[in-house]
1. Expressed in nm to one decimal, what extension gain is obtained for the pair residue A:82 and residue A:22 from 0.36 nm per residue of sequence separation less their Cα-Cα distance?
2. Order by neighbour count: B:61, B:27, A:90, fewest other Cβ atoms within 10 Å first, most last.
3. For the range B:15-36 and the range A:68-102, what is the separation of their Cα centres, given in Å?
4. In peptide A:26-34, what is the residue-averaged number of other protein chain Cβ atoms found within 10 Å of each Cβ?
5. Using a 10 Å cut-off around each Cβ of peptide A:59-72, what is the average number of partner chain Cβ atoms that fall inside?
6. Kindly put A:28, B:98 in sequence by how many other C-beta atoms sit within 10 Å of each C-beta, fewest to most.
7. From other protein chains only, count the Cβ atoms within 10 Å of every residue's Cβ in A:79-89, then give the mean.
8. At a 10 Å Cβ-Cβ cut-off, how would you order B:97, B:17, fewest neighbours first?
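What follows draws every value from the coordinates through simple rules; no lab data is involved. These numbers come from a predicted model, not from an experiment. Note: ideal-geometry Cβ built from the backbone for every residue, glycine included; neighbour counts use all protein chains shown.
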């Protein structure tokens, strides 16, 4: 029997690594605005070449963060919101715990200086 | 995206805040934990037990103390969001937690950073999410807040 990696697990493995790059973050934020964008649109007005944008999109695609769909002559890229939400929710949960812990520290110190 | 940073201003002198963070008895109070250990010291792996109500109640975890620079820096490595009792974490990567203290107008500024999330195994992320998923909703503002900070 052939063993196959669970695609969901594989995608999350590279999720944070994929987001750990400033250019890719910029692409993610741009795609987060909602409308699918072409490579031409994504590289317009920036110093990043089309080739570089293409490369970054493939990394994002590999992490399950972005998807390309052919529309006429070019591919249009959009964000996979479920994956993005997964990354955000993970960090939000940890941030919230730190906020709560720091609030308890502040209360303790200020009430008993 | 590889780091979380949180700050709070505490209206107290730096020495008082340092003591509250690094004296293990005081630490246990605000971190909602208990321990049988006498003190934190660099290089020590300190066993703590959560007393925080919720999914972590009575869960044991370890903090491996990295640095203690008086009134300035306190740091440890740990497995964040450990949710399965008795789980073997020995092969999983850890994150680094750093407390930094600075004098500030009206008191002491405490900055906590936690970094190394890009090294975490997907199984851990999935577990933490499985535990809390129902309570979290999508917010674009929050997305921008976290993603925009990672420079």
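1. Working: separation 60, 0.36 × 60 = 21.60 nm, distance 2.09 nm.
Gain in length upon complete extension: 19.5 nm.
2. Details: B:61 17, B:27 20, A:90 25.
Listing B:61, B:27, A:90 from fewest to most nearby Cβ atoms yields B:61, B:27, A:90.
3. Cα centroid to Cα centroid, the span is 35 Å.
4. Other-chain Cβ atoms within 10 Å of each residue's Cβ, averaged: 2.
5. Numbers: counts 0, 0, 0, 0, 0, 0, 0, 0, 0, 0, 0, 0, 0, 0.
Across the residues of A:59-72, the mean count of other-chain Cβ atoms within 10 Å is 0.
6. Details: A:28 23, B:98 17.
Ascending number of Cβ neighbours within 10 Å: B:98, A:28.
7. Numbers: counts 1, 0, 3, 1, 0, 4, 8, 6, 7, 11, 10.
Partner Cβ neighbours, averaged per residue: 5.
8. Numbers: B:97 20, B:17 23.
If I rank by nearby Cβ atoms, fewest first, I get B:97, B:17.
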